[in-house]
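So the structure is just underneath, and the comments pick up after that.
The values are calculated or read from the model by the stated rules, or taken from the named source; none is laboratory data. Here the structure is a predicted model, which means the values were calculated and not measured. With ideal geometry, Cβ positions are generated from the backbone for all residues, glycine too; neighbour counts draw on all protein chains shown.
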Amino acid sequence: MSPVKRTVAVLFGGRSLEHDVSVVSGLQILHAIDPGAYSPMPVYIDHDGRWWIGDELWHEACFKGGGPDRSGLTEVNLSTGFGRSDLMSVDERPRLVAHRRHVDVFVPVLHGTFGEDGCIQGLLELSGCAYVGCGVTASALGMNKRLTKVLAAQAGVPVLPGVSCARSVLDRDRGWLERLSQEVDDAFGWPVIVKPCNLGSSAGVSVATSSEELASGVMKVFEYDLEALIEPFIRHRVEVNVAVAGLEDPVASVTEMPVTLQESPLTFGEKYKRQGRKSVGSTAGMAGALRVLDPQDLPADMRADAQRYAISVFSTLGCEGISRIDFLIDADKNDLYFNEINTLPGSMAFYLWSAAPHYWTITELLSRLILRAERMQAIRHGLRRRPTADLSLLG
Amino acid sequence: MPTFSSWLLIAAAAAAHGYLVWHRLLAYLRYLQQEGYEHIRFLRWTHARSLSDPAFWLSITGAWLYPRWPTAVTMGVVVAMVLLARAQPDPRRSGKITLKMTWRARRVQAIAFLIATAIWVGLATVLVGVAAGPMLLASVIVYAVIPFVLVAANTCLRPYERHIQRQYEAEAVRRVADLQPFVIGITGSYGKSSSKAILAHILQFHGPTLAAAGSINTLMGVTRHIREALVPGHVFMVVEMGAFQTGSIARLCQLTPPSAALITAVGDMHLERFGSLDAIVRAKGELAAALPPDGLLVVNADSPGALRIAQNTRGRRILLYGETSTEDLDTRLEQVEFSTTGTAFVLRTRNDVYRCTTPLLGRPIVLNLAGAFTLACAVGVDPAVAVAAITTLRPVSNRLEVVKESGVTWIRDAYNSNQAGFRAALEVVAALPVARRFIATPGVIELGAEQFAVNRTLAREAAAVCDTALVVADTNREAFLTGYRDAGCEDRLVSVPSRAAAFRWLRETVREGDAVILENDLPDLYEPAGVFWKTVSRG
């Protein structure tokens, strides 16, 4: 008799700017899970944060227009009982038997706010579920660009200088704009790149060449985030990304160079639309023409540095699952800088594992990550959480 | 004497009919709710839709065939009705704007169901012995009048709803009194919504600001918004106040007593409703009169009517803004320049000069911006923050919104419906460095006797700016033709029957470097989602 297949729920959508990207990524992951070993299941989180299950969610077509037709779906909640890991129907219509689906492992494929920042991880943690990827701390740290830079620098990874500006300056005295401009002047000068400190996507990012543009850029950030991060803008820059997989030991992938416009920063639309619409489940579409894998024109030592630094950042933050660590190269100086970490990269950056030394298919990689998630969960379950006799005050 | 089995059949028919009516009521209720339970607008939408309801035709067919095979037909109709009910999409879950099952919606549906049942039972009873298939004939009538049944139910509930509304109002008044937000009232014949959006955008960088999206400006709308959205953290609350009759702003001011007011313009729009310009000035002046003794009044001095309100007001702090006014202004708008990326302009205050840029377009909008800037700075916003904030404004969809598509500049101004807006759009496109200029418009409407003359003048002005104009539909075609004849360039006017035809023509004609204005064309409010049938999965 064949064993009962374990249910793997892929969480996608979510209350974030990157909802649509998450749907595309989520469906790719969903279709890539080994159906021979697991029983994959889509769980869609809509813009209001409500969770839905149903067979219709397997098809990308149903997300076009106003989102999937809810009438064919069942709304569910994660049960709050620790270790239950059940999705319970919250249908308003009375039912004789409550609709309940047990989930063995969750795969969050949620980008940005509430999905990549530790929030959903916190929920899964509270419910005692096994889940793929970073835990609460690593997710939250990885989302905060200022804190990641501090930690990366501490670990000996080169980072660009930065000036941060919290939204609370608006509540304080006047003249902060001039002071901020002065601070930038003193620290590194112009042009600068202004970005939200806690956003995964490129929304709210702008380049400023003057104090007026800086003011405008900071305001734009404050519509999205409570903190703006200002860094020198590197005119001739090359981006290099490395993925790291947290298996028994963290393993770095090959480097990739996404092809972007050199003069302007990657905007949100550019980042996701230029890649073109990918066909669901195809692994070929992702490694499209807009990136170069393992770029040979990049000096070997720089590639090796990027991989070494990537593992270093991954370990320092205590990441799990797959993270993509992005670097910048100042082409004029030939300097490599850590830029940011994506603890839940688009499509889980699986295309980076299609070149030596790791020829892992996405399916293979997911199976490993699921096993790892189950193991981590078993370890967490084993930790002592109940008060011992000496800590028990209530008898 | 009917037998047991015929009673059973009658019961089945009644149950199936009731089941389907219940579903249909829900389907229509969605649109009644979307229209704010307003009968006229709802009935304008439903129009003759109930006559295309398959249930209506099913009943007619059934009634026609009934004399031949009464039992078989009744059974067939029962099954078909159940199937039709199952085939109807659930408006509570499907579509972009779902039906929210509020208590009011439940009440309306329940009462409507009772009325529909009464009609059906009554008709069927009367028709027994008079015609064959009385139940099916009764069904025919019921399906045809379902929208009216909902309207009747809504009317029955009016007194009760009014009672509840008063309770809600009292609750909202208490909430505002408890939380004490700094209320800023905005009124004017036009420019209210845009001024509100701009002011709220600037103020949010100074303190948490509540402002309703869109143009909520009635007592009911504002009440609801307060109950749903006003929270203890809010520092500012910007309220748009519509004057529908004398006294309506005064009532709104009781709900949200303003500490500051902005009057964007007082013109002769809605003249027929008020009778005279004096009456309009009085109605809008209620906002200024509601201000406390130290209250702040900001007025557009370019508008003579608005200026009169300022002149009639005593004992308040009054600030004037404008562009062309000869008054001694507190903020003067100068050096307005349009480009495809937005507008550059200068705001000259009593002490300073601010160079500003904004992605928004159009002279009226920039003037609204000057008003919002004046008010924001007067309530304590750092002018440097305000100047920075207006660089990040986003155009409201279809209000002089620029969209670039493969080298063609599309200026979407579909939500504009007055002649000032029409002229503003022409002014913008005239200033853009583009190869050729096009405009597609059905003209402006609801101007009564002046409609022809106004459209004729607008057509002449369009001819001076645009290379080609497309006049859509018949309404103002003659006026445009005359206007173009006046300008001596009839050959540059293209007449198209519909919006779709206009787009086809434009897609074939425009090239890289051209600009197109899409002026005053209300897109369909409603999605093409099925009312009676589930639509097949899109994609």
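Any idea which of A:V221, A:V251, A:V205, A:V244 is within 20 Å of the chain's Cα centre (by Cα), over 25 Å from A:H19 (Cα atoms) and modelled with pLDDT of 90 or more? None of the other options fit; the residue is A:V251.
When each of B:A420, B:A425 is tested for being within 29 Å of the chain's Cα centre (by Cα), modelled with pLDDT under 85 and farther than 17 Å from B:K196 by Cβ, the lone residue that passes is B:A420. Pairing residues of the range A:353-368 that are farther than 18 Å from A:Q28 by Cα with residues that are among the acidic types (D, E), at Cβ distances under 7 Å and at least 6 apart in sequence or on separate chains, gives A:A355/A:D294.
For A:V103, the conditions (1) surrounded by 22 or more Cβ atoms within 10 Å (Cβ to Cβ); (2) out of contact with any helix residue (DSSP H, G or I) (no Cβ under 9 Å at 6 or more places or on another chain); (3) within 14 Å of another protein chain (Cβ to nearest Cβ); (4) of a type outside the set (S, T, Y) all hold with the exception of (3).
Taking first residues from the range A:73-92 that are on the phi < 0 side of the Ramachandran plot and partners that are of a type in the set (K, R) and assigned to a loop (DSSP other than H, G, I, E, B), the Cβ contacts under 8 Å between residues at least 6 apart in sequence or on separate chains come to A:E75/A:R50; A:S89/A:R95.
For every residue, the table says whether it meets (1) closer than 15 Å to B:F205 by Cβ; (2) more than 14 Å from chain A (Cβ to nearest Cβ).
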{"position": "B:F338", "(1), (2)": "no, yes"}
{"position": "B:T341", "(1), (2)": "no, no"}
{"position": "B:R348", "(1), (2)": "no, yes"}
{"position": "B:D352", "(1), (2)": "no, no"}
{"position": "B:R363", "(1), (2)": "no, yes"}
{"position": "B:A376", "(1), (2)": "yes, no"}
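Return a yes/no flag: does the range A:131-148 have any residue that is touching a strand residue (DSSP E or B) at 6+ places or on another chain (Cβ under 8 Å), within 14 Å of chain B (Cβ to nearest Cβ), among the charged types (D, E, K, R) and under 22 Å from A:E340 (Cα atoms). No, the range A:131-148 contains no residue that is touching a strand residue (DSSP E or B) at 6+ places or on another chain (Cβ under 8 Å), within 14 Å of chain B (Cβ to nearest Cβ), among the charged types (D, E, K, R) and under 22 Å from A:E340 (Cα atoms). Is it fair to say A:L27 is over 24 Å from A:G321 (Cα atoms), buried (at least 19 other Cβ atoms within 10 Å of the Cβ) and either within 14 Å of chain B (Cβ to nearest Cβ) or not hydrophobic (A, V, I, L, M, F, W, C) (or both)? No; evaluated as a whole, the condition is false for this residue. Answer with yes or no whether A:V194 is within 23 Å of A:N339 (Cβ to Cβ), within 14 Å of chain B (Cβ to nearest Cβ) and either loosely packed, with under 14 Cβ neighbours inside 10 Å or at pLDDT 95 or above (or both). Here the answer is yes, as A:V194 does meet what is asked. Might you check whether a residue that is within 23 Å of the chain's Cα centre (by Cα) and among the aromatic types (F, W, Y) occurs anywhere in the range B:403-412? Looking through the range B:403-412, at least one residue is within 23 Å of the chain's Cα centre (by Cα) and among the aromatic types (F, W, Y). Just one of the listed residues (A:P42, A:P68) is buried (at least 21 other Cβ atoms within 10 Å of the Cβ), within 11 Å of another protein chain (Cβ to nearest Cβ) and not in a helix (DSSP H, G or I), namely A:P68. Restricting the range B:91-131 to residues that are surrounded by 18 or more Cβ atoms within 10 Å (Cβ to Cβ) and assigned to a loop (DSSP other than H, G, I, E, B), the residue that is farthest from the other protein chains (Cβ to nearest Cβ) is B:L99. Residues in the range B:467-487 that are in contact (Cβ under 8 Å) with a residue 40 or more places away in the chain and surrounded by 24 or more Cβ atoms within 10 Å (Cβ to Cβ): B:V472 only. Of all the residues in the range B:435-458, those that are outside any helix (DSSP H, G or I), out of contact with any Lys or Arg (no Cβ under 9 Å at 6 or more places or on another chain) and surrounded by fewer than 18 Cβ atoms within 10 Å (Cβ to Cβ) number 3.
Conditions (1) closer than 13 Å to B:V140 by Cα; (2) in contact with a helix residue (DSSP H, G or I) (Cβ under 9 Å, 6 or more places away or on another chain); (3) of a type in the set (D, E, K, R); (4) surrounded by 13 or more Cβ atoms within 10 Å (Cβ to Cβ), marked per residue:
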site: B:F4; (1), (2), (3), (4): no, no, no, no
site: B:W7; (1), (2), (3), (4): no, no, no, no
site: B:I10; (1), (2), (3), (4): no, yes, no, yes
site: B:H17; (1), (2), (3), (4): yes, yes, no, yes
site: B:Q33; (1), (2), (3), (4): no, yes, no, yes
site: B:Y37; (1), (2), (3), (4): no, yes, no, yes
site: B:T46; (1), (2), (3), (4): no, yes, no, yes
site: B:A55; (1), (2), (3), (4): yes, yes, no, yes
